[in-house]
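What follows is a short report on a single structure.
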Amino acid sequence: MPHYTEFGAEARKIMFQKNIKLKDVAEELGISVTYVSEIFKGTRNGEKQKPLIAKMLGMESEVC
């Protein structure tokens, strides 16, 4: 996953394992799929959303 940040790559791995789609994450947070994708790629900061995504996916800690 060369285009993702460390946080994004870890989140995508967990999403794949749990069969969670980007759409599911976006709907849960009330943001667009594009915004979630941009957070994972590092083109958007998403400082408010990253901790929520980490909690939702059960990530041990927020990797920045």
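Let me spell it out: the conditions are (1) without any contact (Cβ under 8 Å) to a residue 12 or more places away in the chain; (2) open to solvent by less than 90 Å² (accessible area, probe 1.4 Å); (3) not charged (D, E, K, R), and Ser37 meets all of them except one. Which number is the exception?
For Ser37, the exception is condition (1).
Quick check on this structure: which one of Glu6, Glu28, Glu60, Glu47 is open to solvent by 60 Å² or more (accessible area, probe 1.4 Å), in contact with a Cys (Cβ under 9 Å, 6 or more places away or on another chain) and not β-branched (Val, Ile, Thr)?
Selected residue: Glu6, the only one of Glu6, Glu28, Glu60, Glu47 that is open to solvent by 60 Å² or more (accessible area, probe 1.4 Å), in contact with a Cys (Cβ under 9 Å, 6 or more places away or on another chain) and not β-branched (Val, Ile, Thr).
The values are calculated or read from the model by the stated rules, or taken from the named source; none is laboratory data. Just so it is clear, the model here is predicted, and its values are computed rather than measured. Cβ: placed from backbone, ideal geometry, glycine included. Neighbour counts: every protein chain shown. Please note that ligands, DNA and RNA were not included when accessible areas were found on the heavy atoms of the full protein model with its side chains. Shrake-Rupley method; radii C 1.70, N 1.55, O 1.52, S 1.80 Å.
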